[in-house]
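In what follows, a structure is listed as structure tokens, so that the remarks can point back to it.
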Amino acid sequence: MRFEQLNGIEHELRAAARADDIGDFVVGVAVFRDGKLLVVRRVPNDYHGGMYELPGGGVESGETFAECVARELFEETGLRVRDITEFLGAIDYATRTKARVRKFNFVVEAYPGKVSVAPGEHDAFAWIDASALDRLPMAPDMRQTISALVQTLDSSHPA
């Protein structure tokens, strides 16, 4: 899936969310390298502090999903998106301040580079496979998403 393809289906995704009375959107970004998935740990004093998650964050007003994917990955990890390769689906959840948020998850191919977590938001990162999943603290919905991703690590998610 290219940025242009994502922009083509974004209208449909937003319309479906609005039909469900959801107007707040978040993206999750899955990056694979050497057969492992990148996860980042939230700082202790934040919402879900100490929990691991996919990089990602809120879609800003006027921002496309593709722009948000690229911005959030860079802001949270220092990595740059080469291509968005898959749309993984969406999950709905509540936050401390919003009754319903829809999170759209994507697999991306990132340019090579060193991971550098965003200070104040994350304090660690890990490249994980299925064997590491149970050792890391995660929110239940994130564990389900990440579990599905690491269980499918294969040639479709090359380094």
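Among residues of the stretch 1-14 that are under 15 Å from residue 85 (Cβ atoms), those with a beta-carbon under 9 Å from a residue that is at pLDDT below 70 and of a type outside the set (Lys, Arg) at least six positions away or on a different chain give the pairs 9/1. Residue count for the stretch 108-130 under the criterion of being β-branched (Val, Ile, Thr) and either open to solvent by 60 Å² or more (accessible area, probe 1.4 Å) or part of a strand (DSSP E or B) (or both): the result is 2. Against the numbered list (1) open to solvent by 20 Å² or more (accessible area, probe 1.4 Å); (2) of a type outside the set (Asp, Glu); (3) farther than 16 Å from residue 93 by Cα, residue 43 comes up short only at (1). Within the stretch 86-102, residues that are within 14 Å of residue 25 (Cβ to Cβ) and of a type in the set (S, T, N, Q) sit with their Cβ atoms under 7 Å from residues that are open to solvent by less than 60 Å² (accessible area, probe 1.4 Å) and at pLDDT 85 or above, at 6+ positions apart or across chains, in these pairs: 95/101. Taking the criterion of being aliphatic (A, V, I, L, M) and either closer than 18 Å to residue 145 by Cα or outside any strand (DSSP E or B) (or both), the residues of the stretch 72-107 that qualify are 73, 79, 84, 88, 90, 91, 94, 99, 101, 107. Is there a residue in the stretch 34-43 that is β-branched (Val, Ile, Thr), touching a residue at least 12 places away in the same chain (Cβ under 8 Å), touching a His at 6+ places or on another chain (Cβ under 8 Å) and in a strand (DSSP E or B)? Yes, there is a match, as at least one residue in the stretch 34-43 is β-branched (Val, Ile, Thr), touching a residue at least 12 places away in the same chain (Cβ under 8 Å), touching a His at 6+ places or on another chain (Cβ under 8 Å) and in a strand (DSSP E or B). If only residues of the stretch 60-75 that are under 23 Å from residue 124 (Cα atoms) and touching an Asp or Glu at 6+ places or on another chain (Cβ under 9 Å) are counted, the one that is surrounded by the fewest Cβ atoms within 10 Å (Cβ to Cβ) is 75.
The values are calculated or read from the model by the stated rules, or taken from the named source; none is laboratory data. Because the structure is a prediction, the values reported are computed rather than measured. Cβ: placed from backbone, ideal geometry, glycine included. Neighbour counts: every protein chain shown. Only protein heavy atoms, including side chains, enter the accessible area calculation; ligands, DNA and RNA are left aside. Shrake-Rupley method; radii C 1.70, N 1.55, O 1.52, S 1.80 Å.
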